[in-house]
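Undergrad: One structure, as structure tokens, below. Some questions next.
The values are calculated or read from the model by the stated rules, or taken from the named source; none is laboratory data. These numbers come from a predicted model, not from an experiment. When we count neighbours, we look across all protein chains shown, and the Cβ atoms used for this are built from the backbone with ideal geometry, even at glycine.
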Amino acid sequence: MLNSSQLAARSASVENVIRKAGKKALDRFHARDFETETKGAQDFVSAVDRETEALIRNCLEATYPDTTFMGEETGGSIDGRTWVIDPIDGTSNYVRGVPFWCLSIALIEDGKAILGSIYDPCNDEMFSAWHGGGCHLNGKPVEVSDTMSADRAVLGVSFSFKSSAERHHSVLKALMDHKALYRFCGAGALTLAHCAVGRLDGFWEDHIMPWDVAAGIVLATEAGAHVSDYASNDGWRLGNEILVSTPSMTEFFVRATGVSLAATQPSVA
């Protein structure tokens, strides 16, 4: 596995790439100059998604020829050392002019997510972490929240129509029954980043794809969160359910969602 100094160097390189790509995507966002297609119910892709993924991939491929790629728009698989890219997470927000979207890049090695960067261009916020290096927001160390009670807790949630609406409703009811709140922000990766820095107390989705969570898993783990075993049931290939929680709220969120949590980084079997 790459050592700490190698990971730190790669993290700095990724930050440069993702910031460059994010600035271009932000210019297009403000100009409203792009075409949009639908991939399914409430599932959108824009020309900017494809252009941004190509830019990121070309930059990383030139710098790190020892890696493979998995991207939301161009596909791929996790094999050895793999960059996992979501060029624009929150495309539904992006195409509607809602300033809650991000770019996400993770590095997976030997089945473990070991580096993650999420960039929010609208607020110029860079969330970065690597294995053993802690979690940082714009270069400053951050940790998960210390919320202690359900009636002060806020869980980030997401949903797609590939999942069970009934299950989603049951989790929301369990939260509300205990006076906990939830946020449905429309960008899973950025919501995970907000969990890592303590703005939310956790995140749950019934089924989410690897490019939406790979970087966020690193951020949350390094910030001190408990993370479910996303890699189980071939999650890195097929997607899986995820639950992330600040340690003090783990027991409650496990009861509310029925998802088991661990304090350690998940890996591929």
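Undergrad: Which residue pairs have Cβ atoms closer than 7 Å, lie 6 or more positions apart in sequence or on different chains, and pair a first residue in the range 87-107 that is farther than 16 Å from Val17 by Cβ with a second residue that is among the charged types (D, E, K, R) and in a strand (DSSP E or B)?
TA: Trp101/Asp89
Undergrad: From the list His168, His136, His194, which one is assigned by TED's automatic domain parsing to the domain that holds Asp66, buried (at least 18 other Cβ atoms within 10 Å of the Cβ) and not small (Gly, Ala, Ser)? Walk me through how you get there before you give the answer.
TA: Values: His168 fails: assigned by TED's automatic domain parsing to the domain that holds Asp66; His194 fails: assigned by TED's automatic domain parsing to the domain that holds Asp66.
Only one candidate qualifies: His136.
Undergrad: Quickly run through the range 1-31 and pick out the residues that are among the small types (Gly, Ala, Ser), crowded, with 18+ Cβ neighbours inside 10 Å and touching a helix residue (DSSP H, G or I) at 6+ places or on another chain (Cβ under 9 Å).
TA: Of all residues in the range 1-31, those among the small types (Gly, Ala, Ser) come to 4-5, 8-9, 11-13, 21-22, 25, 31.
Filter once more, so that each one left must be crowded, with 18+ Cβ neighbours inside 10 Å: 11, 21-22, 25.
Correct list: Ala21, Gly22, Ala25.
Undergrad: Farther than 20 Å from His136 by Cα, over 18 Å from the mean Cα position of the chain (by Cα) and not acidic (Asp, Glu): is that true of Asn58 in this structure? Quick ask: steps written out before the conclusion?
TA: Values: farther than 20 Å from His136 by Cα: yes; over 18 Å from the mean Cα position of the chain (by Cα): yes; not acidic (Asp, Glu): yes.
Answer is yes for this residue.
Undergrad: Consider Cys135 against the criteria (1) over 14 Å from the mean Cα position of the chain (by Cα); (2) touching a residue at least 12 places away in the same chain (Cβ under 8 Å): it satisfies all of them except one. Which criterion is unmet?
TA: Tallying (1) over 14 Å from the mean Cα position of the chain (by Cα); (2) touching a residue at least 12 places away in the same chain (Cβ under 8 Å), Cys135 fails exactly one: (1).
Undergrad: Scanning for something modelled with pLDDT under 90, among the charged types (D, E, K, R) and surrounded by fewer than 22 Cβ atoms within 10 Å (Cβ to Cβ), does the range 78-87 turn up at least one residue?
TA: Within the range 78-87, one or more residues are modelled with pLDDT under 90, among the charged types (D, E, K, R) and surrounded by fewer than 22 Cβ atoms within 10 Å (Cβ to Cβ).
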